[in-house]
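Structure first, commentary second.
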Amino acid sequence: MTHIPEHLRAPLPTRGNRFSRWVGRVGMRLLGGWRIEGELPNTRQAIIPVAPHTSNWDFFVGVFVMLALGLKLSFLGKHTIFRFPVNGLLRWLGGIPVDRRAAQGVVGQMVTEFSQRHELILALAPEGTRKKVTEWKKGFIHIAKAAQVPVVPVAMDFSRRVIDIRPPMLITGDIDAELARVKQAIAHAQGKNPQHAC
C-alpha cells in the first residue's frame, strides 16, 4: 500500500452527525443491502474516482455512502450552474465551479484549488458520463500528478452490492500507465448497466 505523503496525513474531512450517518446506513440497506469494504486513508486531500458509472442510481448509492461515512466530499460542476438561487446550496454540498474555457483549463483550476485549500476530497466519475465510452477521461490523473495528491479508487460493484475502497495510489509516472493502474484496481466491479461500462 502506497503511503500518504507526510504533509497530507490528517483525519479525513468530515461532516454530519450520528443521525445523518444513520440515514446513510438505512439508505444503503433500502437500495439493496449495500456494504462498504476497505477503508479510506487518513488524508486531508485526495481524488476519489468512483467507477463504473453506468446508471443514475449510482448517484443515490453514492450519496448514502457519503452520509454513512460522514465524509465531506467535493465535486466539479460547470461554472454556469453556480448562480442564484442554487449557488449557495451547490457550494454547501461541496460543488466547485470550473470554467472549461479558462486559459489554464480544468486541470489548472483544480491544481490551484488543491494548493489553496487545506482540506479537499474530490469525488468524480472518471468516465465523465453514465453512457457508453471507450476510455476514461485523464484529467483526474493529470490533477493528481500536478497537485501531488493521492488517488483512492472506489469500485461500485452492483453484482455484490459492495462499495470497494481500494488502497491509495501516488501518481508519479506516465499518465497512460497510471490511468491503466487505477482502472485495474476496480476492474472487478460490475455496474448496474454493464453494457455501458468502459
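The values are calculated or read from the model by the stated rules, or taken from the named source; none is laboratory data. This one's a predicted model, so the numbers in the text were calculated from it and none came from an experiment. Backbone-built Cβ (ideal geometry, glycine too); neighbour counts: all protein chains shown. Heavy atoms of the whole protein, side chains included, go into the accessibility calculation; ligands, DNA and RNA do not. Shrake-Rupley method; radii C 1.70, N 1.55, O 1.52, S 1.80 Å.
Annotations
- Counting protein heavy atoms only, the chain has 55 percent of its accessible area on carbon and sulfur, 1.4 angstrom probe.
- A probe of 1.4 angstrom, applied to the heavy atoms of all protein chains, finds D164 with accessible area near 10 square angstrom.
- DSSP bridge pairs, the stretch 42-198: antiparallel proportion in percent, nearest 5: 30 percent
- Rounded, prolate or oblate (a/c below 1.5 giving rounded, otherwise prolate when a/b exceeds b/c) for the stretch 1-107 by Cα gyration tensor: oblate
- Within the listed set L30, L73, L124, the residue fluctuating most in the Gaussian network model of the chain (springs between alpha-carbon atoms under 10 angstrom) is L30.
- 1.4 Å probe accessible area per residue over the chain, in Å²: 55 Å²
- Placing a label point 7 Å from the Cα of Q148 along the Cα-to-Cβ direction, the residues of the stretch 2-41 whose backbone N falls under 16 Å of that point are 3-10.
- Taking amide H as placed 1.01 Å from N in the peptide plane, L120 has its amide H under 5 Å from the amide H of Q45, A46, each at least 5 places away in sequence or on another chain.
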